[in-house]
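The values are calculated or read from the model by the stated rules, or taken from the named source; none is laboratory data. Keep in mind that this is a model prediction, so the values were computed, not measured. Cβ coordinates were reconstructed from backbone atoms using ideal geometry, including for glycine residues, and neighbour counts include every protein chain displayed.
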Amino acid sequence: MALNQKETDQNNKELMFSKEPFHCDYGRQNKPYYYHPHWHDFLELLFIKKGYLHATLRNTQLTINEGELLVIMPGEVHSFENEGDGVLENFVIHVDSVFLHNAIFDSKELSKIYPYLFSSWTPSSFLCGAEEMKKSGILTIINNLLSETKKMELAYTLAIRAGLLEIFVWLLRRWDQYSHPVSEAGNFSICMRLQPVIDFIKDQYAKKITTKEMADKMYMSVYHFCRLFKKLTGYSFHNYLRSVRIVEAIKLLLSKDLSVKEIAFMVGYNDVNFFVRVFKKETGMPPDKYRKKFAPSPPLS
């Protein structure tokens with residue numbers, strides 16, 4: 001029996017943290033990159049080693065430049081985009097709550113640390129600039145973690161744990177200095193309430209999906225559903241659905257030998273001319289030109 005998206009996401013998380021309560025990933029590319037709005041229940045640290053990446057956190061748009069670090073809190077809706085006009089090197093660290101909890105409960109300062117993660121509010125996500133990264137010493141720690149991840153020498157996971165603990169201490173002190181109660185306790189539960197809609201879109205984007213159908217899933221009026229969706233994701237429902245479909249179309253264009261018409265049908269567009277217009281609006285070029293520019297070249301015989 002096939003797994004639904006929620007089960008798949010849970011399995012992916014279990015696989016990610018199967019050996020350690022953290023996961024490090026280094027990436028390098030020079031093609032357009034887009035990741036549609038999403039959230040997760042673990043802490044994410046995104047460091048740009050080279051290039052830049054546009055990010056949207058709820059309704060706030062920002063650019064992460066070379067040498068900067070974006071700290072994304074659990075439950076924070078976010079998306080990423082890069083035009084592919086240069087090399088992008090990034091280092092991503094996902095930290096499971098288990099790691100943070102163990103660090104806290106082993107500390108004699110539990111009463112002082114506890115409010116930052118378990119009270120009626122949680123600290124907000126933030127972007128750490130290159131200058132602060134250097135002055136705070138976090139840049140050195142991040143580079144060490146990247147080196148340990150690449151080399152995987154003896155006891156490298158222990159070295160990563162030590163580095164993450166240093167980063168965690170820095171985060172706590174920074175929150176203590178700058179943070180204000182900006183996220184109500186109910187925000188994450190509301191995000192999770194919206195999860196069935198996100199899961200449905202991931203599974204059924206090729207089919208006709210109406211706002212009314214999604215509002216009914218949430219037991220809400222269309223008006224209130226649209227307001228909630230926009231508030232949490234930063235996108236209107238129709239724009240979000242369109243972005244998911246275009247991302248899937250890009251994957252097919254670059255990996256499958258299918259016609260534009262076939263791809264249009266596979267991602268939910270019955271009118272190929274309309275699909276081409278939408279695709280061009282989203283990417284800046286029609287599908288055939290996009291494929292010609294970014295599809296991998298066939299190997300030489």
Fill in the blank from the handout: The lone condition GLU213 fails out of (1) among the charged types (D, E, K, R); (2) surrounded by fewer than 17 Cβ atoms within 10 Å (Cβ to Cβ); (3) at pLDDT below 90 is (3)
Practice task
Kindly indicate the residue of the range 39-53 that is out of contact with any His (no Cβ under 9 Å at 6 or more places or on another chain) and in a loop (DSSP other than H, G, I, E, B) and also surrounded by the fewest Cβ atoms within 10 Å (Cβ to Cβ) among those meeting that condition.
Solution key: ASP41
Fill in the blank from the handout: Cβ pairs under 8 Å, 6+ apart or interchain, first in the range 144-158 and under 14 Å from ASN90 (Cα atoms), second of a type in the set (A, V, I, L, M) and not in a helix (DSSP H, G or I), ordered by first then second residue, are LEU145/ILE93
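One line per residue, one yes/no per condition, for (1) in a helix (DSSP H, G or I); (2) at pLDDT 70 or above; (3) not basic (Lys, Arg):
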| site | (1), (2), (3) |
| --- | --- |
| ILE142 | yes, yes, yes |
| LYS150 | yes, yes, no |
| PHE168 | yes, yes, yes |
| LEU171 | yes, yes, yes |
| ASP176 | yes, no, yes |
| HIS180 | no, no, yes |
| PHE188 | yes, no, yes |
| LEU194 | yes, yes, yes |
Handout entry: Odd one out for ILE246, checked against (1) within 21 Å of HIS40 (Cα to Cα); (2) of a type outside the set (Lys, Arg); (3) in a helix (DSSP H, G or I)
Key = (1)
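In the list SER255, SER236, SER259, which residue meets the criterion of being farther than 23 Å from SER79 by Cα, free of Cβ contacts under 8 Å to residues at least 12 places away in the same chain, surrounded by fewer than 18 Cβ atoms within 10 Å (Cβ to Cβ) and among the small types (Gly, Ala, Ser)?
Numbers: SER255 fails: farther than 23 Å from SER79 by Cα; SER236 fails: farther than 23 Å from SER79 by Cα.
So the residue among SER255, SER236, SER259 that is farther than 23 Å from SER79 by Cα, free of Cβ contacts under 8 Å to residues at least 12 places away in the same chain, surrounded by fewer than 18 Cβ atoms within 10 Å (Cβ to Cβ) and among the small types (Gly, Ala, Ser) is SER259.
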Practice task
Would you point out which residue out of ILE48, ILE64 is touching a residue at least 12 places away in the same chain (Cβ under 8 Å), in contact with an Asp or Glu (Cβ under 7 Å, 6 or more places away or on another chain) and β-branched (Val, Ile, Thr)?
Solution key: ILE48
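Every residue, every condition in (1) modelled with pLDDT of 90 or more; (2) touching an Asp or Glu at 6+ places or on another chain (Cβ under 8 Å); (3) not assigned by TED's automatic domain parsing to the domain that holds ASN239, yes or no:
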site	(1), (2), (3)
ASP257	no, no, no
VAL260	yes, yes, no
ALA264	yes, yes, no
GLY268	yes, no, no
ASN273	yes, no, no
ARG277	yes, no, no
LYS281	no, no, no
PRO287	yes, no, no
Fill in the blank from the handout: Out of (1) at pLDDT below 90; (2) surrounded by 17 or more Cβ atoms within 10 Å (Cβ to Cβ); (3) out of contact with any His (no Cβ under 7 Å at 6 or more places or on another chain), the one THR56 does not meet is (3)
